[in-house]
Amino acid sequence: MINEMQEYYKHRATNYDVSMGYDNESTIYSQQPVIRYLQESFKDQSLLEIACGPCFWTQFVAKTAKSILATDYNETTLVEAHKKNIDWSRVSLKQIDAYNLPSFPQKFTGAFAVDWFAHVPLSKRHKFLSNLHSCLVSNSEIIFCDQLPGNNSLTGNYDHEGNHLQKRSLPDGTIFTIIKNYLTENETLRLFKEFSSNIEIKQFPESKRWAIRYKI
Ligand SMILES: C[S@@+](CC[C@H](N)C(=O)[O-])C[C@H]1O[C@@H](n2cnc3c(N)ncnc32)[C@H](O)[C@@H]1O
């Protein structure tokens, strides 16, 4: 299922921003609370971004962060990111598998990912988080921001380990099955309290998103 998800986003890269409405002023306006939250949280920080996609969020976070290493499994998404008008003196792009993080020359002072954590299979969450944390200095802040479920988001379909499954299709009609685990607040607190005693969960209903921010 992970391979299918990676394949899906590889082929969706060229129309990802448009399909999300990220080319549309009213969508960008609706995301301002999330954008401001990320910008304020990460002022002057050296950040590792996981699963950056075509860097919609990166372009805004880069305005206040010291630097961002924006990473994604799919080169196709980074090609799209390159086309953006981003301050490239602060942002570098690198193709990296979130489940196989390399050892970086320097530790980061923060990390974030938007619309990523819900795609992490239950069986990979713990190792992914431990590996991510090992790339960060102590007292680093981490934010995962994901979509709130809409009226038709929950399919009732699950795989053998309990991951919630959704069907997604590309403009050419190809259909993919992907993991999309919508976390409740209680599940989130249960999962992250092992790693942090400083956790904040925030809802952004107008942006149809929520975020967990914690310190390690
Ligand atoms: C829902 S998109 C989010 C993209 C971006 N964060 C955004 O919100 O615009 C999920 C991203 O995860 C990336 N991805 C999938 N599997 C990955 C992996 N194993 N490691 C890193 N990135 C991965 C996909 O290529 C895709 O860009």
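The values are calculated or read from the model by the stated rules, or taken from the named source; none is laboratory data. Predicted, not measured: the structure shown is a model, and the values here were computed from it. Cβ placement follows ideal geometry from the backbone for every residue including glycine, while neighbour counts extend to all protein chains displayed.
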Q) Under the condition of being in a strand (DSSP E or B) and within 12 Å of the ligand (Cβ to nearest atom), which residue from the range 30-67 is nearest to residue 102 (Cα to Cα)? A) 48
(Q) Take residue 68 and tell me if it is buried (at least 18 other Cβ atoms within 10 Å of the Cβ) and free of Cβ contacts under 8 Å to residues at least 40 places away in the same chain. (A) yes
Q: Name the single residue, out of those in the range 81-102 being in a loop (DSSP other than H, G, I, E, B) and hydroxyl-bearing (Ser, Thr, Tyr), that is farthest from the chain's Cα centre (by Cα).
A: 89
**Q.** Pairs, first assigned to a loop (DSSP other than H, G, I, E, B) in the range 197-216, second small (Gly, Ala, Ser) and modelled with pLDDT of 95 or more, C-beta under 6 Å, six or more apart
**A.** 216/140; 216/196
Q: Please tell me if residue 105 is within 13 Å of the chain's Cα centre (by Cα) and without any contact (Cβ under 8 Å) to a residue 60 or more places away in the chain.
A: no
Q | Filtered residues of the range 137-146 (kept if among the β-branched types (Val, Ile, Thr) and buried (at least 20 other Cβ atoms within 10 Å of the Cβ)) | A | 142, 143
Q) Within the range 118-136, can one find any residue that is buried (at least 16 other Cβ atoms within 10 Å of the Cβ), more than 16 Å from the chain's Cα centre (by Cα) and among the aliphatic types (A, V, I, L, M)? A) yes
Q) Across the range 193-202, which residue is nearest to residue 151 (Cα to Cα) among those that are of a type outside the set (A, V, I, L, M) and over 16 Å from the mean Cα position of the chain (by Cα)? A) 200
Q: Only residues that are part of a strand (DSSP E or B) and within 29 Å of residue 109 (Cβ to Cβ): list them for the range 137-185, please.
A: 137, 138, 139, 140, 141, 142, 143, 144, 145, 146, 147
Q: Kindly check whether there is at least one residue in the range 72-90 that is within 8 Å of the ligand (Cβ to nearest atom), surrounded by 14 or more Cβ atoms within 10 Å (Cβ to Cβ) and under 18 Å from residue 145 (Cα atoms).
A: yes
Q) Any idea which residue in the range 91-112 is nearest to the ligand (Cβ to nearest atom), counting only those that are surrounded by 11 or more Cβ atoms within 10 Å (Cβ to Cβ) and among the small types (Gly, Ala, Ser)? A) 98
